[in-house]
Amino acid sequence: MNKQRVLILSASVGAGHMRAAAALEQAFQQIGDGHNVRHIDTLDYATTALRGLYSKAYSYAARRLPVITGWLYDAFDQPWRSAPLRLAFNRLNTKPFVAMLRENKPAFVVCTHFLPAEILSWLADSDELAIPYFVVVTDFDVHAMWLSRNCQHFFLATDEARARMETIGISGDRITVTGIPIDPVFATPKNKCDMRRKHDLDSDRPTILVSGNRLSSATLENIVASLATLPREVQIIVICGRRPEVCSRVAEMTARVSWRSSVKFTLVGFVDDIDELMSASDLLVGRPGGLLTAEALASGLVFVIVSPIPGQEERNADYLLEENAAIRCNDPSLLAYKIERLLSDQSRSEFMKKNVARIARPRAAFNVVDTLLRLANTRGISAPDAY
């Protein structure tokens, strides 16, 4: 097949969509046989109004108004129900995006967010611009906003998501269950003891990784306070993210409790070696975002779910709990109790680890790219008829 230009389109609404796109870009570079691949943030080609709506407004609502976020998520989860006002707003605010598509002339497009897929579908329906495109869903369930009538092929995380799409009329030959694309670095197993030594951790202590960069300061402090009461010798890595003031407060707290606790804390800010920290750990405490969850599964970690955002994170949590690959703690003050119960029950812990291994898909990014290349080679890629 001739080398083609491929665009991977995401949107900087949270980090997950961007990380999935970056993972696909890396997979293309490794196995894409020289395709000209470019990852683009759709919001870079939108007006200030649209960028604010999708990024700032969503982030604010998720942090400050989670009940409303969950209500909106459920209200819009109605397959094939059009949203003319939203589409009209998107069309008016993405004219530079359409101009970018015309300039790049991609052979096909891969979308890791529903916004570019929605615009591409409208362009096809209006006969303005017909570009073949694919949709990669970055959560374990499929919200109706991911549905796109002119999409060539959907890549999903789970068989249940596939079953849902088939019940609403999408043919099974347009669906592949690959898992959520994560950085290809997760496809290479790492030795737990080696990773602990590399990061100055004790090789024989149970290790808990706290993903705190997306948690509120108060929630993170409550989690740390509870974990400090664990009765056994454990070590805890706390990721505070790009928030030095939060890291400082957590450091003060751990300094106060460490002298009377058997728990050892290691605090870090932003990290670019999350795969190594996950490989060094046994449990992950955090919110079940799609990408973080997929990375944790690929690293063999049982997830301890805290503070999921109503909507997609609640559904991700449901999936993990149904598969017996996670526990959930609704009250941070009970976190130590719940984790101690799990660590004390070796048979339960081993059972959950086996479930984690069963549903993990560390090569998801490669699987998506492999399927894309196979589709292109076997039948070519062209704009499909709408469903």
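The values are calculated or read from the model by the stated rules, or taken from the named source; none is laboratory data. These figures come from a predicted structure and were not determined experimentally. We place every Cβ from the backbone using ideal geometry, glycine too, and count neighbours over all the protein chains shown. Only protein heavy atoms, including side chains, enter the accessible area calculation; ligands, DNA and RNA are left aside. Shrake-Rupley method; radii C 1.70, N 1.55, O 1.52, S 1.80 Å.
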Item to check | Wholly enclosed helices (runs of 4 or more DSSP H) of the range 274-325 bearing at least 1 residues of a type in the set (Val, Ile, Thr) | outcome: 274-279, 290-298
Checklist outcome for this item: Looking across the range 152-164 at residues that are assigned to a loop (DSSP other than H, G, I, E, B) and surrounded by fewer than 24 Cβ atoms within 10 Å (Cβ to Cβ), the single one that is farthest from the chain's Cα centre (by Cα) is GLN152
Checklist outcome for this item: Pairs returned, first residue in the range 181-193 that is closer than 15 Å to ASP273 by Cβ, second residue that is open to solvent by less than 50 Å² (accessible area, probe 1.4 Å) and not in a helix (DSSP H, G or I), beta-carbon separation under 8 angstrom, 6 or more apart or interchain, are ILE182/PRO362; PHE186/SER299; PHE186/PRO362; LYS192/ALA280
Item to check | Single unsatisfied condition, CYS193 versus (1) within 22 Å of the chain's Cα centre (by Cα); (2) open to solvent by 30 Å² or more (accessible area, probe 1.4 Å) | outcome: (1)
Checklist entry - Any residue at all in the range 339-357 that is within 30 Å of GLN29 (Cα to Cα) and open to solvent by 10 Å² or more (accessible area, probe 1.4 Å)? => result yes
Next on the checklist: Just checking, does the range 173-181 include any residue being hydrophobic (A, V, I, L, M, F, W, C), crowded, with 17+ Cβ neighbours inside 10 Å and over 24 Å from VAL136 (Cβ atoms)?
Outcome noted: no
Checklist entry - Within the range 41-53, is even one residue under 26 Å from VAL271 (Cα atoms), modelled with pLDDT of 90 or more and not in a helix (DSSP H, G or I)? => result yes
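The rows are residues; the columns are (1) over 16 Å from the mean Cα position of the chain (by Cα); (2) of a type in the set (Val, Ile, Thr); (3) modelled with pLDDT of 95 or more.
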| site | (1), (2), (3) |
| --- | --- |
| THR254 | yes, yes, no |
| SER258 | yes, no, no |
| VAL268 | yes, yes, no |
| ALA280 | yes, no, yes |
| LEU283 | yes, no, yes |
| LEU292 | no, no, yes |
| ASN316 | no, no, yes |
| GLU322 | yes, no, yes |
| TYR337 | yes, no, yes |
Checklist entry - Only one of (1) buried (at least 20 other Cβ atoms within 10 Å of the Cβ); (2) over 24 Å from the mean Cα position of the chain (by Cα) fails for VAL210. Which number is that? => result (2)
Checklist entry - Somewhere in the range 115-137, is a residue open to solvent by 10 Å² or more (accessible area, probe 1.4 Å), touching a Ser or Thr at 6+ places or on another chain (Cβ under 9 Å) and under 21 Å from GLN78 (Cβ atoms)? => result yes
